[in-house]
Amino acid sequence: MGEIWARIRAAFDDMTPRERLALWATVAVLGLAGVWLLVVQPLQAARDDATARVERAEMQIGLMTRLRLQYDEIASRLARVEARIARGPKGNIFTTLETLARNSAVKIESLEPQAAPAGDRYVEEKVQVVLKNVTLGQLVQYLDQIERAPQLLSIKALRIRRRVDKAELLDVTFTVSSFEPV
């Protein structure tokens, strides 16, 4: 190993000042390139990665905040509905719908019970209501009374068809649900 260094030293001593300057410039450029590749670039990459992780974390925090607000709103609405179910009057949905129809001057064509999935906390009773030859005003009044009824009633599906023989009259089919605690 000492012999190699001796040859390198001898070669360096034989160089002209211009060659020595060129050699030192080359060593300096290679040294700077090494520092750049081994120190600066990894540090920049780590900084960029950290910045990207911070941005992702801030986006996730924003999303979680929005989801929390939505959850709180839904939980609040659910609590109001559950309170309305608990304190609302219990009654036969058929009787309630018929009474509301009389108040709206609507004649019910048919009321048919529908199958409802079993719930853990509430029993849902579904009824399909068919109205024939009603005006838009009568329909709106009837649906409004259903929505405002003391007993919690929910309109699940609504299908309205204009009559061919009388364009000002409608045929309407909809499903109404009521809920009672188990």
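The values are calculated or read from the model by the stated rules, or taken from the named source; none is laboratory data. Computed from a predicted model, the values in this text were never measured in an experiment. Glycine also receives a Cβ, built like all others from the backbone with ideal geometry; neighbour counts cover every protein chain displayed. Side chains are part of the model used for accessible areas, which takes the heavy atoms of the whole protein and leaves out ligands, DNA and RNA. Shrake-Rupley method; radii C 1.70, N 1.55, O 1.52, S 1.80 Å.
Annotations for the structure displayed:
- For THR26 and ILE155, the difference between the fully extended length at 0.36 nm per residue and the C-alpha to C-alpha distance is 38.1 nm.
- Degrees, to the nearest 10: 17-35 long Cα axis against longest axis of the chain: 20 degrees
- Averaging over all projection directions, the Cα-based convex hull of the stretch 18-109 occupies 13.6 nm² in the image plane.
- Rounded tilt (10° steps) of 41-87 against the dominant C-alpha axis of the chain: 10 degrees
- Spatial offset of the stretch 106-182 relative to the stretch 26-54 amounts to 70 Å, using the alpha carbon center of each.
- Just checking the listed ones, GLN41, GLN128, GLN138: in the Gaussian network model of the chain with Cα springs under 10 Å, the one fluctuating most is GLN41.
- Value of Rg to Rh for the chain (Rh from inverse mean 1/r over Cα pairs, i.e. Kirkwood): 1.69
- Label point distance in nm, ALA115-ASP165, each placed 7 Å from Cα along Cα→Cβ: 3.5 nm
- Rounded to the nearest 0.05, the FRET efficiency derived from the C-beta distance between ALA57 and ALA79 at R0 = 35 Å is 0.65.
- Rounded to 10°, Cα long-axis angle of helix 93-103 versus longest principal axis of the chain: 70 degrees
- Here the stretch 98-145 exposes an accessible surface that is 50 percent carbon and sulfur, computed with a 1.4 Å probe and the other protein chains kept in place.
- Short-range pairs are left out: with C-alpha atoms under 8 Å and at least six residues apart, the relative contact order of the stretch 18-137 is 14 percent.
- Share of Cα-Cα pairs in the stretch 81-168 lying beyond 19 Å, as whole percent: 43 percent
- Computed log₁₀ I(q)/I(0) - Debye formula, equal Cα scatterers, no solvent, the stretch 1-49, q 0.17, 0.20, 0.21, 0.31 Å⁻¹: -0.66, -0.75, -0.78, -0.99
- Distance between modelled label sites at ARG87 and VAL123, nm, 7 Å Cα→Cβ extension: 2.4 nm
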